[in-house]
RNA sequence: GUGGGUAUAGCUCAGUUGGUUAGAGCGCAGGAUUGUGGCUCCUGAGGCCGAGGGUUCAAAUCCCUUUACCCACCCCA
């Protein structure tokens, strides 16, 4: 690395070949699955008004307090690179009045998110999420459909050992009472909590349940459980969902400590946890957020959504994907005249798929065949001065070493035919 | 923001108590075979030893500073 070499900024990792091919395969599978369930893609802005995230994610959350890329632009507006996708989707849902044109809206997105954190395994400052949101459906059937769909995605990608953790956070009817109950529980044990949790008692007491500090974990043993104070509606919603998951044969663990780092969730919340991802073990997470659309200025609209960490998904799925396909044949010209003759055939054949390779560099037969072998082609089509004068091409089967002659005049059609045969 | 580790060729890594011109494997290029791939053999290109400073006759090696990367805490997808 040269002294003045300019490099990517810290934590902004790029995806290079051949990894980029694998990303495309996984992304395509995600799109196919989601579109099969009636979702449509939204391609949204990556830069938003800071206020959007402060209002949706919650200004007491770690994300908003210390992890956002926030700056003033030349007009002194406070802008933020999006740290997650849901806020933007809800903003768009309201801005473009999706709710008025259709009862149910199912939307998905794929793209980079930005959080200013110390990078480590499975965590980057620019990372990518595959996410989806469903608006206008309050039924627990929707929660179940979405969770089963996610499990299907993992199955399609041969990702194993991912466990669904599930909880309900209640709604505005039952959560306030629980919060108060939890608050007084925590206040009694205030001195044994970490400083973060002491601060959280007032603004975000639920978060203390999820703290990983050993002292806090011990202190919250015996804390009031949210699922014991759910209202009847929330209880029915949660047990209805669990019943549907049982019917679908989808395993899950109810985890009453599971709290999301974002404030907007109500009722169902979940995480898909993977055993072999190290410390960053949540590969997908989400839940229901029935109040957020209204809080961001829209009509009251129930909603359910999730996001998948693309990098984390790739760590689980990456090496199980099908190998990359090879080009079918190598065109091997010897001399300028042969190259010139083969060029139009080459470009015509590659219109829809990579059928042929062609070197423009006048390399030796030996090195061209070497390259053809490395590329894994089925055939090499050799055309030199001798073949040109006889109007033929030598067609060498790279596996059997068998060589036949093809008329140069119909070479394009002959290759086309061979290609479609295999 | 807090710890720990690492930094030598495109990649993976050796490099002794400081001592001539810094090494291997893989990869890349060429040749052995004037027009036939994989195996083998030979040859070659490719390095400011992360950067800056210091100690020394002499530094990849010792000291200081700094940066980047990795892992963990934290947070989360």
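Here are the numbers for this structure:
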read-out: Cβ-Cβ under 9 Å pairs, at least 6 apart or on other chains, segment A:209-225 side within 12 Å of residue A:259 (Cβ to Cβ), far side in a loop (DSSP other than H, G, I, E, B) and within 11 Å of RNA strand B (Cβ to nearest atom); value: A:209/A:258; A:209/A:259; A:210/A:258; A:210/A:259; A:210/A:260; A:210/A:261; A:211/A:194; A:220/A:211
read-out: Only listed residue being surrounded by 12 or more Cβ atoms within 10 Å (Cβ to Cβ), under 36 Å from the mean Cα position of the chain (by Cα), near RNA strand B (Cβ under 9 Å from one of its atoms) and under 27 Å from residue A:420 (Cβ atoms), chosen from A:383, A:377; value: A:377
read-out: Members of segment A:178-194 found to be touching a helix residue (DSSP H, G or I) at 6+ places or on another chain (Cβ under 8 Å) and in contact (Cβ under 8 Å) with a residue 40 or more places away in the chain, listed by number; value: A:178, A:182
read-out: Number of positions in segment A:379-391 that are farther than 17 Å from residue A:356 by Cα and either not in a helix (DSSP H, G or I) or not assigned by TED's automatic domain parsing to the domain that holds residue A:353 (or both); value: 2
read-out: Some residue of segment A:137-149 being closer than 26 Å to residue A:82 by Cβ and in a loop (DSSP other than H, G, I, E, B); value: yes
read-out: Some residue of segment A:313-327 being buried (at least 20 other Cβ atoms within 10 Å of the Cβ), in the same structural domain as residue A:109 (by TED's automatic domain parsing), touching a helix residue (DSSP H, G or I) at 6+ places or on another chain (Cβ under 9 Å) and part of a strand (DSSP E or B); value: no
read-out: Test: residue in segment A:10-21 that is buried (at least 16 other Cβ atoms within 10 Å of the Cβ), outside the structural domain of residue A:108 (by TED's automatic domain parsing) and within 13 Å of RNA strand B (Cβ to nearest atom); value: yes
read-out: Options A:307, A:279, A:284: the member that is near RNA strand B (Cβ under 10 Å from one of its atoms) and outside any strand (DSSP E or B); value: A:279
read-out: Answer from A:258, A:262, A:209 - the residue that is under 16 Å from residue A:187 (Cβ atoms) and within 16 Å of RNA strand B (Cβ to nearest atom); value: A:209
read-out: Residue pairs meeting the criteria (Cβ under 6 Å; at least 6 apart or on separate chains; first without any contact (Cβ under 8 Å) to a residue 12 or more places away in the chain, in segment A:152-163; second surrounded by 15 or more Cβ atoms within 10 Å (Cβ to Cβ)); value: none
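The rows are residues; the columns are (1) closer than 19 Å to residue A:345 by Cα; (2) near RNA strand B (Cβ under 10 Å from one of its atoms); (3) assigned to a helix (DSSP H, G or I); (4) in contact with a helix residue (DSSP H, G or I) (Cβ under 9 Å, 6 or more places away or on another chain).
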| residue | (1), (2), (3), (4) |
| --- | --- |
| A:370 | no, yes, yes, no |
| A:393 | yes, yes, no, yes |
| A:399 | no, yes, no, no |
| A:414 | yes, no, yes, no |
| A:418 | yes, no, yes, no |
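The values are calculated or read from the model by the stated rules, or taken from the named source; none is laboratory data. This is a predicted model, so every value here is computed, not measured. No Cβ is skipped: glycine too gets one built from the backbone with ideal geometry, and neighbour counts run over all protein chains shown.
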